[in-house]
Amino acid sequence: MHDRDWIMGVLPHRPPFLLLDRVTELEPGVAATAEYLVRPDDSVLAGHFPGHPVFPGVLIIEALAQTGAVAILSAENFRGKLAFFGGIDRCRFRQQVRPGDRLRLEVRLDRVRGPAGRGTGRALVDDRLVAEAEMLFVLGDRSQS
């Protein structure tokens with residue numbers, strides 16, 4: 001199991017946009033499973049929606065993308081790179097995610113060729129499927145500014 005400090009060593013994301021608390025399973029270059037607890041004080045919930053807080057679907061997909069990025073960027077030959085979204089296909093939201101829910105994020109990399117690849121992700125809460133998507137990614141170099 002890997003904690004947030006380890007994750008921040010792999011990903012460039014930082015709070016409040018780091019949407020992973022821990023990586024529970026990892027096969028570098030192949031697959032990863034991570035968790036994220038949707039906290040009641042998460043600032044995005046104040047406006048989405050007042051009186052009926054729902055974690056935005058777009059952030060669930062971002063959490064899946066970050067999980068996929070951990071899978072690819074933890075492979076020795078891709079360390080130090082950046083993973084960018086190249087596209088999202090067959091995205092479906094099945095259930096709402098609410099404060100207190102713990103997302104389990106599962107991503108398997110289906111194909112990696114050169115600087116691009118495709119992964120399949122599923123987000124679950126208590127073994128209930130809440131979202132799924134196919135994600136395309138492109139790897140780039142980290143630039144110094």
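The values are calculated or read from the model by the stated rules, or taken from the named source; none is laboratory data. These figures come from a predicted structure and were not determined experimentally. Every residue, glycine among them, receives a Cβ derived from its backbone with ideal geometry; neighbour counts consider all protein chains shown. Just so you know, the surface numbers come from the protein's heavy atoms only, side chains and all, with ligands and any DNA or RNA stripped out. Shrake-Rupley method; radii C 1.70, N 1.55, O 1.52, S 1.80 Å.
Go through (1) modelled with pLDDT under 95; (2) surrounded by 12 or more Cβ atoms within 10 Å (Cβ to Cβ); (3) under 23 Å from Leu136 (Cβ atoms); (4) among the charged types (D, E, K, R) for Arg104 and report which single condition fails.
So Arg104 meets the others, but not (1).
In the stretch 107-145, how many residues are surrounded by 14 or more Cβ atoms within 10 Å (Cβ to Cβ), over 16 Å from the mean Cα position of the chain (by Cα) and not β-branched (Val, Ile, Thr)?
Final tally of qualifying residues: 1.
In the stretch 36-43, is there at least one residue being under 21 Å from Glu132 (Cα atoms), modelled with pLDDT of 95 or more and either open to solvent by less than 40 Å² (accessible area, probe 1.4 Å) or in a loop (DSSP other than H, G, I, E, B) (or both)?
Yes.
Restricting to the stretch 27-60, name every residue that is under 13 Å from the mean Cα position of the chain (by Cα) and in contact (Cβ under 8 Å) with a residue 12 or more places away in the chain.
If the condition is that a residue be under 13 Å from the mean Cα position of the chain (by Cα) and in contact (Cβ under 8 Å) with a residue 12 or more places away in the chain, then Ala31, Ala32, Thr33, Ala34, Glu35, Tyr36, Leu37, Gly57, Leu59, Ile60 are the ones that fit.
Would you confirm whether any residue within the stretch 91-101 is of a type in the set (A, V, I, L, M, F, W, C), in contact with a Phe, Trp or Tyr (Cβ under 8 Å, 6 or more places away or on another chain) and either assigned to a loop (DSSP other than H, G, I, E, B) or surrounded by fewer than 19 Cβ atoms within 10 Å (Cβ to Cβ) (or both)?
Yes - at least one qualifying residue is present in the stretch 91-101.
Scan the stretch 6-26 for residues that are open to solvent by 70 Å² or more (accessible area, probe 1.4 Å) and assigned to a loop (DSSP other than H, G, I, E, B) and jot them down.
Residues satisfying the conditions are Arg14, Pro15, Pro16, Phe17.
Pick from Gly29, Gly87, Gly68: which is open to solvent by less than 30 Å² (accessible area, probe 1.4 Å), in a loop (DSSP other than H, G, I, E, B) and under 19 Å from Phe137 (Cα atoms)?
Gly29
Looking only at the stretch 47-61, decide whether some residue is open to solvent by 30 Å² or more (accessible area, probe 1.4 Å), aliphatic (A, V, I, L, M) and touching a strand residue (DSSP E or B) at 6+ places or on another chain (Cβ under 8 Å).
No - not one qualifying residue is present in the stretch 47-61.
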